[in-house]
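Down below is the structure, laid out as structure tokens.
Please treat every number below as a calculation from the coordinates, not as lab data. Just so you know, these numbers come straight off a predicted model, no measurement behind them. Reconstructed Cβ throughout: ideal geometry from the backbone, glycine too, with neighbour counts over all protein chains shown.
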Amino acid sequence: MKIPFSCLKKHVALAETPTEIANHLVRLGHEVEAVELPRAAVKGVRVGLIESKIPHPDADKLSLLTVNIGENEPLAIVCGAMNMGEGDKVPVATIGTSLPNGMKIKKGKIRGEVSCGMCCSEAELGLAEDAAGLLILPADAPVGAEVGEFLELEEAVFDLSITPNRGDCMNVRGLARDLAADAGLALADIDLAEVTVDATLAAPKVTVSAEQDCPLYMARSIAGVTVSDSPAWMQAGLIMAGMRPVNGIVDVLNFIMLDLGQPMHAFDADKLSGDISIRSALGGENFAALDGRELTLNAGDLLVFDDSSVIALAGIMGSQPSGVSDGTINIILESAFFRQARVSETRRIYAMVSEASMRFERGVDPLMVEIAMQRATAMITNLFGGSAGAITVCGEPGNINSGRQVRCSVSHLESRLGIDIPEAMDDVLARMGFGISRKGDDLQIDVPSFRHDVSIPEDISEEYARVIGFDAIPELLPPLATTAPVQKDTAIHDAVTGGFLQVVSYAFISTSEQRLFVAGDGADIELANPISDAMRVMRRSVWPGLLNTAKHNLNRQQAGVALVEQGRVYQKTEAGHEENNVIAWLMTGEAQTDEWFAAVRQADFFDLKGAVEAWLALRGLTGRFIADDAIQGLQAGQSAKILIGRVEAGRIGRVDGDIAAALDMDAPVFVAEIDLDALPEGKKAKFAPLPEFPGVERDLVFLFDKDTSSDAILNAVKSAAGKLLTDARVFDLYAGKGVPEGKISLGIRFTLQDAKRTLTQEDSDTASNAIIGAMEKRFAAGLRG
Amino acid sequence: MADIDAMIEQLDVILKAAVDAFAAAGDREALQQLRVRYLGKKGALTEVLKGVGKLSPEDRPVIGQHVNRTKAALAESLEQREIELAEKAKTARIEAEKADITLPGRKKTGGALHPVQLGLDEITAVFAQMGFVVAEGPEIEDEFHNFDALNIPPEHPARAMHDTFFLKDLQTNDEQPMLLRTHTSPVQIRAMKRFLAEGGEPPLAVVAPGRVYRCDYDVTHSPMFHQVEVFKVDRKVSMAHLKGVLKHFLSTYFEKDVAIRLRPHYFPFTEPSAEVDIGCVFCAGKGCRICKGSGWIEVLGSGMIHPNVLKSVGIDAQEFSGFAFGLGVERLVMLKQGIPDLRLFFENDVRFLRRMGASR
Ligand SMILES: [Zn+2]
């Protein structure tokens, strides 16, 4: 909300600078986004007296003026406007001036005649949206003076962000009240001109049947107005406050709303048929809103009707046909109190926000309803003529939001704030409209009708804290609780030790990305209001996000990436839904770059498998990798499920070539994912004495059939070798020259050790023979000759 | 009788020849052969000694002395040469093994934690050290925990400001719509309920990090970001405690004594509520582009827990009070690390991650 400084000063005699006032506003809880000087650009526009006016010799629509701007010589100016004459005073933009619309004034010739400046309209000065001719200044304007100074144009405008609890401050007077109370200044009375009631004019007939939602409704007729534009100062004020001037009547109502906070509405009386009634919609009524939308209304909406149609969605917007236009002669003015919750709900249903709805929703002052109407009446009749009838009043202003009292103890508030509350602060709250009585420790506080946000002791504590100043509250450390140290989740910390970079990607992906690795959309959780198709469903796998990140980086000259992400995956279940913690890896491209000590090497399955195994080992776990050709999105023959004990806790493999190709990823891509919630507790390290006697290491090389699983071979070695075996592993794998077609040469290195003695040749021969026998029997594999 | 003088002369010749031979020996093997030749059982000196028997008894000791002296001289010369050769060999080896130490070391490609993770870790650690217990909550929430229990009823204007993502075809058992939590504040409700259900009684101090979602996507907004919710409930918890904890946390996190400023604000779940500013960390409060010349930077929202929130979980708001605040992790990390653009966090450019993440 934007508030011109001059408007504030009409309510309270503020002597400080705009910056100082801004600081006070911030301290009181009204966030100042900016202090603007919107019309600082009008410097160089001066009051000019037209001394002569003759037609341009070569152009019918132009005039040649000589204009006195207080210099020795009058200026020759070519002007296209029609509404000025000799002796008029007009704003003259001198050479070098920049106007708010961006135009820069230069000396020039127009149709052969020299022009040394430009006479300006209200629009050109940024005072109005448009204008028919020049702005004619009052006769007492001093010739040569800066127009900006004369019209007091150059002023600060506060751009405020009013919090939703402070409906009472969505207007100039509310803010002035806070500032005045804080500064110990008086709040000026509201300027109310007498309204002479025309007794011959009938008061509108109004029936309110929805008293709950509309406890107060006032209406009055004003007959015989001549609608024209509102005066320049009002238009300028509205523009500075960020509103568009519409027509004289609407501008007056908007201006009063900005000033006093009471939204009002004017109907064209001649477009209404019959009496006014305020009632709840039955549902199905049609409404042609002022903003051009056609709505079908829901039961319960609060509506203003005439005899034939809906003329307003109460507190939000009037209807198009019943609105005031330039040709309107008779109007019916509405000023009312509509209940916050009702306006809020209707506004949400139709997504229809208006300046009025914002104020009703946050709560207006029931005692301002009539004052605003009187002020509007006076302004309208003064500016546009006409006579006003008596006010029809439905409801009792004094019954609304009144008589509310908060009782509490000073010591309670002090204990919550951590500071003393001096009695002098009661005066500040009193100036803010609270009725305060303090008896010893007991406080009894009457809440004013405009403070919808205050109802409990904590609200009062905030009021005191605001006026004392949050800065006055000391900084104290509370007594610290001693709690048991919490086991830190180190999953991601362990995962980045092996050269992986942690990434964070969005939890929502596109439906097509979802389908890459998870079949069936029945368990997808879809956003009702996604930002885009690319962010439509909650991910059920982290892989799509990792793939996108990898692609993003490969597109930026990265030769290889190793990524890891910890996050949640989400899906529907029979019981509802679940979100699970997972950790996922991706590797592609160069695992080893070309270096002086090593040749380039592309990442393969075993780089990633090793990383996953190392990560599991850090958690005291060992995984079994079981080949699985049916994992969606992974390439058969290079994919496996990962078992921890008997639990299937993850998957690993090479991304299907078509998927990678679709992303223009040339090198093989490897991914793994482990469900953190499924992981069992790992083994804790346990002490064992170091061996005293040396072990024996032996190598055996066999020829196996090509598809034999090394896992099965090693398992067979382990069960054949006997109790002395401490380790068995593959140390060599070879196929090719010297090895028959369909066979592989596999070297097995095993270690034997005994805690009580040094082993003999016999021991290792026994174990070797047992292994050789087992390989022969189980795999028909013989030693490689 | 043999001529003693001739023998002495012979010894001198041997010595001279040996010394020359030692000097000419190029390596230890050659030297070893010379040792045998001159000092061995069948060596040159032994040969000379064989003639001693032919000398007169009085000459024998004389020649004995000469032989011993020659022997000692030979041994010394040999040893000298051995040392020389060893040094020469060492020098040659060193030369042969010389490396270009300006070549780069073998890379141990370090991984890195994401800067947001580092922020979460650092923030959580400060509170954990102060005795706050770490808690988490679901990201898929219901309206009750995300709004109602936090004193934000459906018609409340603040609810509209949350830009909530709702989820299709997902409801609670009592048919409330489900949504993605818009803040970590629901963890307040869940943690307090759990704590009370387990028979606990305040004090309760919790730090709750997590992901949150808002339907808002532009240069300065990400639809997913991270928050940390911090709250404490106890007897006589005051706003001064809130300020004390904020001051301690912000100074620890920014690794300097930062000034804090609280401004009255409005949040439905706290009363009083305050926006918290810190003295600009870029210009030390003098005013710069980042702080828009004000010298202050808004970092988080805070307040005293609204009694309605305490009541919604069954805590007596007369007896107990609490403070709460929620901070945006990305924002704090950006301020601390001087990262200019929120989008960098979710773009995951590995060059950014390597530079900003702590290497492991
Ligand atoms: Zn700064």
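Brief remarks follow.
- Mean Cα-pair separation over length for chain B, i.e. relative contact order, pairs under 8 Å, 6 or more apart, %: 16
- Both radii come from the Cα set of the stretch A:413-504: Rg as radius of gyration, Rh as Kirkwood radius; their ratio Rg/Rh reads 1.35.
- Distant-in-sequence amide H partners of B:VAL258 (H built 1.01 Å from N, under 5 Å): B:SER251
- Largest first and in whole Å, the equivalent-ellipsoid semi-axes of the stretch B:113-359 read 28, 23, 17, each the square root of five times a Cα gyration tensor eigenvalue.
- The protein assembly as shown, helix-only ellipticity at 222 nm - DSSP H runs n ≥ 4, -39,500 (n - 2.57), divided by all residues, nearest 500: -9000 deg cm²/dmol
- Bridgeable aspartates and glutamates around B:LYS71 (alpha carbons under 19 Å apart, same-chain partners fewer than 8 residues away excluded): B:ASP5, B:GLU9, B:ASP12, B:ASP20, B:GLU47, B:ASP59, B:GLU79, B:GLU82.
- Unsatisfied cross-links (Cα-Cα over 26 Å) in the set A:LYS53/A:LYS106; A:LYS439/B:LYS236; B:LYS232/B:LYS256; A:LYS2/A:LYS43; B:LYS193/B:LYS336; A:LYS205/A:LYS271: B:LYS193/B:LYS336
- Square roots of five times the Cα gyration tensor eigenvalues for the stretch A:530-636, Å: 29, 21, 13
- Annotation: lysines with alpha-carbon distance below 28 angstrom to A:LYS737 (same-chain offsets under eight excluded): A:LYS706, A:LYS777.
- Placing unit charges on the Cβ atoms of the charged side chains and taking the dipole of the protein assembly as shown about its Cα centre, the candidate lying farthest along the positive direction among B:VAL133, A:SER309, B:VAL19 is B:VAL19.
- The stretch A:696-785: trypsin sites (Lys or Arg not before Pro) falling in loop per DSSP and having at most 14 other Cβ within 10 Å: A:LYS706, A:LYS723, A:LYS737, A:LYS756, A:ARG757
- Shape box of the stretch B:2-97 [Cα atoms, principal axes, largest first, Å]: 60, 18, 15
- Computed from the C-beta positions of A:LEU733 and A:LEU643 and an R0 of 25 Å, the FRET efficiency is 0.60 to the nearest 0.05.
- Think of chain A as having a plus end and a minus end, set by charges on the Cβ of Lys, Arg, Asp and Glu; of A:ALA728, A:GLY327, A:SER455, A:ALA728 sits farthest toward the positive end of this dipole.
- Each distinct pair of alpha carbons in the stretch A:491-678 adds a 1/r term; the inverse of their mean, the Kirkwood radius, is 16.9 Å.
- The relative contact order of the stretch B:2-97, computed from alpha carbon pairs under 8 Å that lie at least 6 residues apart in sequence, is 39 percent.
- A:ALA735 long-range amide H proximity, modeled H, under 5 Å: A:SER745
- Compactness of the stretch A:254-325 as Cα Rg over 2.2 N^0.38 Å, two decimals: 1.10
- Farthest toward positive dipole pole in chain B [+1 Lys/Arg, -1 Asp/Glu at C-beta], among B:LEU180, B:GLY210, B:THR102: B:THR102
- Label-point gap, in nm, between A:PHE597 and B:ARG60 - each point 7 angstrom along Cα→Cβ: 7.0
- Both radii were evaluated on the Cα set of chain A; the Rg over Rh quotient, with Rh as the Kirkwood radius, amounts to 1.19.
- Partners for A:LYS551 among aspartates and glutamates (Cα-Cα distance below 18 Å; same-chain residues under 8 apart left out): A:GLU513, A:GLU565, A:GLU590, A:ASP604, A:ASP656, A:ASP658, A:ASP664, A:ASP666, B:GLU347, B:ASP349
- Among B:GLU95, B:GLU136, B:GLU298: highest mean-square fluctuation, GNM of chain B, C-alpha pairs under 10 Å: B:GLU95
- By the Stokes-Einstein formula, at 1.306 mPa s and 10 °C, the stretch A:160-275 with its Kirkwood radius over alpha-carbon pairs has D equal to 93 µm²/s.
- Mean-position separation - Cα centroids, the stretch A:633-650 and the stretch A:715-755, in angstrom: 24
- Translational diffusion of the stretch A:267-406, µm² s⁻¹ [Kirkwood Rh, Cα pairs; Stokes-Einstein; 10 °C; 1.306 mPa s]: 98
- Label sites at A:ALA132 and B:GLN32, each approximated as a point 7 angstrom past Cα along Cα to Cβ, lie 12.5 nm apart.
- Members of B:LYS41/B:LYS88; A:LYS718/B:LYS107; B:LYS16/B:LYS50; B:LYS88/B:LYS108; A:LYS104/B:LYS286; A:LYS718/A:LYS743 lying beyond 31 Å, as alpha-carbon distances in this model show: A:LYS718/B:LYS107; B:LYS88/B:LYS108; A:LYS104/B:LYS286
- Exposure proxy for A:GLU51, A:GLU579, B:GLU330: other Cβ atoms within 10 Å of each Cβ, ordered fewest to most, give A:GLU51, A:GLU579, B:GLU330.
- Over all Cα atoms in the stretch A:121-196, the spread is summed up by Rg and Dmax: 18.0, 49 Å.
- Over 25 Å [Cα-Cα, the stretch A:48-206], rounded percent: 51
- Charged side chains reduced to their Cβ positions (Lys and Arg at +1, Asp and Glu at -1) give the protein assembly as shown a dipole of some 4580 debye around its Cα centre.
- The order of B:GLU143, A:GLU122, going from fewest to most other C-beta atoms within 10 Å of their C-beta, is B:GLU143, A:GLU122.
- Listed by Cβ neighbour count within 10 Å, with the fewest neighbours leading, A:TYR464, B:TYR217 appear as B:TYR217, A:TYR464.
- An ellipsoid equivalent to the stretch A:654-785, defined through the eigenvalues of its Cα gyration tensor, has semi-axes of 35, 26, 12 Å when rounded to whole angstrom and sorted largest first.
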